[in-house]
Amino acid sequence: MTLDLDAPYHRLDALPRTVWLPALIASAGSTAARLADTRRWLDALHAGTLPPTDADFGDAAASAPLRAAVGELGLPATCRGVPALAEQVLRTLLWHLDRIVDHQPRLDRAAAIGR
Amino acid sequence: MTSPLAARLPALVAHLETDLLERGAAVRLGLLAALAGEHVLLIGPPGTAKSELARRLHRAFADARYFERLLTRFSTPEELFGPLSLKALEDDRYERLTEGYLPTAGVAFLDEVFKANSAILNALLTLLNEREFDNGAGRTRTPLISVVAASNEVPVDESLHAFYDRFLLRVPVQPVSDAAFGALLALPALPCGGAEPAPIARAELAALGPAAARVALPEDVLGHLHALRGWLAGQSIAVSDRRWRQLVALLRVAAASEGRAAADALDLWLVPYVVAHEPAQVPAVAQWFVESVLQAAPQDAPWLSRAVEAFEAQLQVEQSAPAEDGDDTAGKLALARSVGGASEGNAMLRIVSETLEAQSRRRWSPVHLAARLAQVDEVLQGKARPARDAVSARAVALARALEGRVWLPPELAARLRANLAHTLGVLDGLLARLAAVRAGFAALPEDASLAAEVPAPVALSA
């Protein structure tokens with residue numbers, strides 16, 4: 001056992017490189033939850049489903065509408081068995097999460113999430 | 001209070017290893033084993049100073065006769081234990097004249113020990129175990145302090161395992177490394193005749209036993225030994241109950257001889273030489289000690305580094321991001337360039353261009369900037385800084401613990417210090433990069449209008 005210098009970033013090891021940057025720098029939620037839930041989202045999309053609602057990147061308020069939108073658009077079914085597409089959907093989702101702070105303070109947070 | 005022996009040990013060890021290269025561990029283990037009444041097996045090719053080490057070891061003890069033999073399949077008991085006494089035979093007694101042979105030695109060196117035949121090995125087993133020698137009808141006490149044995153390899157014959165197990169410390173000895181080869185060639189032809197420190201008296205040796213018995217084994221040391229047992233099981237390395245008991249006794253002697261009232265985690269550097277069944281296992285157990293006991297392995301923090309790289313990349317993206325839609329700076333810039341073609345207008349053009357280029361960069365909301373700074377701070381203050389502080393504290397604690405150590409080889413101490421210095425260097429580098437990233441995000445142009453455009457709260461009517 002050595003000093004744990006890498007947690008929670010060691011979770012990147014379980015993720016494809018294509019989602020490292022958005023998973024790390026998205027400003028919503030918490031780093032640990034975001035990295036853990038990114039893996040859950042990828043697995044769910046790859047299986048053609050939405051992840052459990054608690055896979056919310058540590059920001060339930062912000063991720064719930066995005067989860068709903070992904071479901072309404074039928075993206076999980078499209079992503080089934082296509083890892084590259086699942087990664088693209090996830091990158092987009094994380095981009096939108098990161099974009100929330102750009103709408104503030106012109107909009108309050110709830111409105112920014114709605115946007 | 002430091003005992004006279006503890007005060008003399010550094011000089012004794014230094015004298016023992018004079019002009020011996022890369023034998024720090026072997027020298028210390030040999031002397032410590034002798035103090036603990038244990039025997040040492042040096043495993044390695046010929047010409048690696050094994051016999052020289054044993055010869056020097058006997059001079060560390062007062063009144064310790066030295067005995068040395070190279071054993072072969074054809075060695076006879078007479079060569080080790082002395083010739084039969086003809087006079088005793090006349091009296092129908094089967095006795096040996098042991099004077100000058102192994103039964104009267106204090107320190108003995110037995111080269112190629114596993115090549116001996118079973119008659120010799122059986123007698124040796126009793127001698128090593130009980131320090132007694134069956135001479136005819138009687139059993140006599142021997143003055144044996146320690147046997148240093150040597151072998152090219154670990155015995156594969158199962159019949160030799162019991163004898164092999166009698167050597168508590170099994171120390172691999174290799175030819176000097178390339179790094180020390182130059183020093184090997186430059187060694188003086190004649191040994192330096194420095195003053196020999198006063199040898200260890202039998203009374204001091206006898207007093208060490210009771211002192212060792214009083215040495216405490218703290219909970220953390222016991223915890224490490226419990227963990228080691230599990231780890232060894234995972235490595236399929238079996239250690240007998242007797243060997244565990246002997247290991248604990250050795251730890252106590254190590255602490256007592258250094259004048260300590262309790263063993264500590266650093267004493268566990270001895271463990272690889274006791275529990276490893278063969279030389280190839282020693283490095284893995286030594287690594288267990290460095291990683292699991294001392295947590296002093298060099299670390300590169302690869303995933304923390306990825307996080308820093310990610311924020312560096314994001315900063316570059318945001319520094320070079322163009323202004324959002326609706327900005328006509330690009331058109332103004334093109335116009336300025338088209339009208340400022342003359343050379344006298346270049347300075348003005350540069351000023352105008354710089355101003356317009358600055359305006360062409362994207363401006364960020366204060367909430368965005370605050371979020372980025374908070375994110376970088378999470379890595380910097382939340383992870384990298386505490387990690388650096390923890391490693392630094394460990395380095396300080398290690399340096400303190402290493403003070404006054406006689407047994408822990410200087411090469412190992414230097415490696416432990418270097419390992420932690422490496423990790424500190426990695427973390428210092430990441431901290432510097434994070435500080436630069438933070439400054440970069442803090443310097444991103446802010447869109448002041450966004451802050452000014454915060455709408456007033458709207459009262460909701462019923």
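The values are calculated or read from the model by the stated rules, or taken from the named source; none is laboratory data. Here the structure is a predicted model, which is why all the values come from computation and not from measurement. Here Cβ is always computed from backbone atoms with ideal geometry, including for glycine, and neighbour counts include all displayed protein chains.
Here are some notes:
- Unique match (being β-branched (Val, Ile, Thr), modelled with pLDDT of 85 or more and either part of a helix (DSSP H, G or I) or farther than 29 Å from B:PRO298 by Cα (or both)) among B:VAL352, B:VAL367, B:VAL454: B:VAL367
- Listed conditions (1) within 13 Å of chain A (Cβ to nearest Cβ); (2) modelled with pLDDT under 95; (3) under 22 Å from B:GLN295 (Cβ atoms) are all met by B:THR423, apart from (2).
- Leading residue by the ranking (farthest from the chain's Cα centre (by Cα)) among those in the range B:47-91 that are surrounded by fewer than 16 Cβ atoms within 10 Å (Cβ to Cβ) and polar (S, T, N, Q): B:THR76
- Residue within the range A:6-19 that is in contact with a His (Cβ under 8 Å, 6 or more places away or on another chain) and closer than 23 Å to B:ARG306 by Cβ present: no
- Elements of the type helices (runs of 4 or more DSSP H) sitting completely within the range B:236-311 and holding at least 2 residues that are within 14 Å of chain A (Cβ to nearest Cβ) and under 26 Å from B:LEU41 (Cα atoms): these cover B:282-288.
- Qualifying positions in the range B:400-413 - small (Gly, Ala, Ser) and modelled with pLDDT of 95 or more: B:ALA413
- Per-region count, the range B:378-404, residues free of Cβ contacts under 8 Å to residues at least 12 places away in the same chain, aliphatic (A, V, I, L, M) and away from chain A (no Cβ under 12 Å): 2
- Criterion (closer than 29 Å to B:GLY106 by Cα, free of Cβ contacts under 8 Å to residues at least 24 places away in the same chain, out of contact with any Leu (no Cβ under 6 Å at 6 or more places or on another chain) and exposed (fewer than 13 other Cβ atoms within 10 Å of the Cβ)) met by exactly one of B:ASP178, B:ASP241: B:ASP241
- Subset of the range B:206-222 [in a helix (DSSP H, G or I) and surrounded by 18 or more Cβ atoms within 10 Å (Cβ to Cβ)]: B:LEU208, B:ALA211, B:ALA212, B:VAL221
- Residues that are among the polar types (S, T, N, Q) and in contact (Cβ under 8 Å) with a residue 40 or more places away in the chain within the range A:20-54 comprise A:SER27, A:THR38, listed in sequence order.
- Residue in the range A:89-111 that is among the charged types (D, E, K, R), away from every other protein chain (no Cβ under 12 Å) and part of a helix (DSSP H, G or I) present: yes
Conditions (1) over 30 Å from B:LYS115 (Cα atoms); (2) part of a helix (DSSP H, G or I); (3) in contact (Cβ under 8 Å) with a residue 60 or more places away in the chain, marked per residue:
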position	(1), (2), (3)
B:ALA150	no, no, yes
B:PRO188	yes, no, yes
B:GLU196	yes, no, yes
B:HIS224	yes, yes, yes
B:ARG229	yes, yes, no
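- Count of residues meeting criterion [in contact with a Pro (Cβ under 8 Å, 6 or more places away or on another chain), more than 23 Å from B:GLU318 (Cβ to Cβ) and within 14 Å of another protein chain (Cβ to nearest Cβ)] in the range A:1-51: 4
- All positions within the range B:262-298 that are more than 18 Å from B:LEU169 (Cβ to Cβ) and in contact with a strand residue (DSSP E or B) (Cβ under 6 Å, 6 or more places away or on another chain): B:ALA262
- Here A:ARG80 clears all of (1) closer than 27 Å to B:GLU446 by Cβ; (2) in contact with a Ser or Thr (Cβ under 9 Å, 6 or more places away or on another chain); (3) of a type in the set (Lys, Arg) except the condition numbered (1).
- Filtered residues of the range B:227-257 (kept if of a type in the set (Phe, Trp, Tyr) and farther than 16 Å from B:GLN281 by Cα): B:TRP244
- Restricting the range B:232-257 to residues that are of a type in the set (S, T, N, Q) and out of contact with any helix residue (DSSP H, G or I) (no Cβ under 8 Å at 6 or more places or on another chain), the residue that is nearest to B:ALA280 (Cα to Cα): B:SER236
- Among the residues of the range A:58-72, some residue qualifies, meaning at least one is closer than 19 Å to B:GLN375 by Cα, within 14 Å of another protein chain (Cβ to nearest Cβ), under 14 Å from the mean Cα position of the chain (by Cα) and aliphatic (A, V, I, L, M).
- With respect to the conditions (1) more than 27 Å from B:ASP241 (Cα to Cα); (2) at pLDDT 85 or above, B:ARG141 falls short on a single one, namely (1).
Let's see how each residue does on (1) part of a loop (DSSP other than H, G, I, E, B); (2) in contact (Cβ under 8 Å) with a residue 60 or more places away in the chain; (3) within 12 Å of B:VAL148 (Cα to Cα):
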site	(1), (2), (3)
B:LEU20	yes, no, no
B:VAL27	no, no, yes
B:GLY30	no, yes, yes
B:GLU38	yes, yes, yes
B:PRO45	yes, yes, no
B:LEU57	no, yes, yes
B:ALA88	no, no, no
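- Some residue of the range B:307-323 being farther than 19 Å from B:GLY382 by Cα, at pLDDT below 90 and in contact with a helix residue (DSSP H, G or I) (Cβ under 7 Å, 6 or more places away or on another chain): yes
- Hits in the range A:30-45 - residues which are within 9 Å of the chain's Cα centre (by Cα) and farther than 23 Å from A:ARG80 by Cβ: A:ARG34, A:LEU35
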